[in-house]
Amino acid sequence: MKLKDIEVLNEKETRGGFGEGAYEIGKENENVVILTADLAGSMKIAPFIKEFPSRFIQCGIAEANMICIAAGLTIGGKIPYTTTFANFSTGRVYDQIRQSVTYSGKNVKICASHAGLTLGEDGATHQILEDIGMMKMLPGMTVIVPCDFNQTKAATKAIASYDGPVYLRFGRPKWPNFTKEDGSDFVIGKAQQLSEGTDVSIFACGHMVWKAIEAGRILEDKGFSVELINIHTIKPLDVNAIIRSISKTKCAVTVEEHNIIGGLGDSIAQVAAKNVPIPIEYIGTKDTFGESGTPTDLLKKYGLDTPFIVDAAEKVMKRK
């Protein structure tokens, strides 16, 4: 499959995929309960609240309490989804997640919107760029970063039947929506291969998958054979898919809307170091906070836009 053959169905917010998925899984599973920290509107959960008011808990601006309430609900067999911005879902409540959720092995689904630089104008205090690293280091925590509306919807539904704590990370802006509408191309823990190639492997997650597709098309037009893989599940990582790819291409680029320290890139590099040592180039923020601005301008300023991915791929191929 060539990257030029991937069609954009429409542009939708990934958080909208969460809201739609939450409503549908609410109809299918009566144990699903949604909690929010005063951000029901931003999290797009109004349909769930209207249909299932007795299974919705408004915790107010008290995120630590929300996590602890969710942990308690699991004891009675409920499947709680906590909802707020990614910064407040992780950085503000790390102790509660560690002690009350992962250490205790509670079946809590931490659903985090407005992640990364594409949050935009709200600025550095809200643009968390460390959350993937924080969450993947917690024993027993599953970490999922879907790439578009359809995949976020599929992931939202899938985690209800997945046993154990989950961190589901998605974003704010409208973004190209291109994966299957029925979600059949999403399986927790299994990487999604978008193209096959022999010259360079590109591993991406979240919003950056689309930027990687754009970059891959440019590289294909230049005559390079690009293997693009969507690593929507950061943990557990699809190690076999990574090894198969880098054994063939002998080099890789990792692309994430996150600090290059502790994120997807480090996970890929660890697999490579243990199994197939290769040159790797990282696309992500470089040990820095963000700032206020439009998503497009911020991706350009911090080196996460399409041309930077193209340059990284050309650079890493020369290092083979």
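The values are calculated or read from the model by the stated rules, or taken from the named source; none is laboratory data. All values derive from a computational prediction rather than experimental measurement. Cβ: placed from backbone, ideal geometry, glycine included. Neighbour counts: every protein chain shown. Note: accessible area is taken over every heavy atom of the protein model, side chains too, but ligands, DNA and RNA are not part of it. Shrake-Rupley method; radii C 1.70, N 1.55, O 1.52, S 1.80 Å.
With K and R counted +1 and D and E -1, the other residues having a Cβ less than 11 Å from that of Pro139 yield a net charge of +3.
For the residue pairs Lys2/Lys274; Lys180/Lys274; Lys109/Lys274; Lys44/Lys235; Lys190/Lys248; Lys106/Lys248, alpha carbon separations beyond 28 Å are given by Lys2/Lys274; Lys180/Lys274; Lys109/Lys274; Lys106/Lys248. Note down the net charge around Thr14, summing +1 for each Lys or Arg and -1 for each Asp or Glu among other residues with Cβ under 13 Å from its Cβ. Surrounding charge for Thr14 is +2. Once both labels are positioned 7 Å from their Cα atoms along Cα-to-Cβ, the gap between Asp122 and Asp95 label points is 2.4 nm. Distance from the Cα centre of region 102-159 to that of region 1-50, in angstrom? Region 102-159 and region 1-50 have Cα centres spaced 14 Å from each other.
A full extension of the chain between Tyr162 and Glu28 corresponds to an added length of 46.8 nm, given 0.36 nm per residue minus the alpha carbon distance.
Here is the P(r) of region 170-320: all C-alpha pair distances, binned every 10 Å from 0, give 11, 44, 35, 9, 0 in whole percents. Candidates Gly120, Asn230, Thr198 compared by Cα position along the dipole of the chain: farthest toward the positive end lies Thr198, with charges placed on Cβ. In the chain, the DSSP-assigned H stretches of four residues or longer account for a calculated mean residue ellipticity at 222 nm of -10500 deg cm²/dmol, using -39500 (n - 2.57) per stretch and the full residue count as denominator. With a cut-off of 8 Å between alpha carbons and a minimum separation of six or more residues, what is the relative contact order of region 162-320 in percent? About 24 percent, as a whole number. With K and R counted +1 and D and E -1, the other residues having a Cβ less than 12 Å from that of Pro80 yield a net charge of +4. Shape summary: region 114-236 maps onto an equivalent ellipsoid whose semi-axes, from the alpha-carbon gyration tensor, are 24, 18, 14 Å in decreasing order.
Taking the accessible area of the chain, probe 1.4 Å, and keeping the other protein chains in place, the carbon and sulfur fraction comes to 50%.
Stretching Ser42 away from Thr296 to a fully extended chain increases their span by 89.4 nm, per 0.36 nm per residue minus the current alpha-carbon distance.
Extension gain, Thr288-Ala62: 0.36 nm per intervening residue step, less the Cα-Cα distance, totals 78.6 nm. Remark: spin-label model distance Asn240-Val187 equals 0.9 nm, labels positioned 7 Å along the Cα→Cβ axis. Only the Cβ atoms of Lys and Arg (+1) and of Asp and Glu (-1) were treated as charged; on that basis the dipole of region 1-111 about its Cα centre amounts to roughly 220 debye. Computed about its Cα centre, the charge dipole of the chain is approximately 600 debye, with only Lys, Arg, Asp and Glu carrying charge at their Cβ. For the chain, the solvent-accessible area works out to 39 Å² per residue, with a probe of 1.4 Å and every protein chain left in place. What is region 35-155 by shape, rounded, prolate or oblate, if you read a ≥ b ≥ c off the alpha carbon gyration tensor as root eigenvalues and call it rounded for a/c under 1.5, prolate for a/b larger than b/c, and oblate otherwise? Rounded shape, in that the Cα axes give a/c under 1.5. Each of the peptides 157-168, 100-111 was scored by the mean count of other Cβ atoms within 10 Å over its residues; in descending order, highest first, they stand as 100-111, 157-168. Relative contact order of region 12-69: 37 percent, from C-alpha pairs under 8 Å at least 6 residues apart in sequence. Scanning residues 5 or more positions from Leu35 or on other chains, those with amide H under 5 Å from its amide H are Ile57, Tyr81, Thr82, Thr83, with H placed 1.01 Å from N in the peptide plane.
Per residue, the convex hull around the alpha carbon atoms of the chain comes to 114 Å³. Placing unit charges on the Cβ atoms only, positive for Lys and Arg and negative for Asp and Glu, gives region 210-291 a dipole magnitude near 380 debye about its Cα centre.
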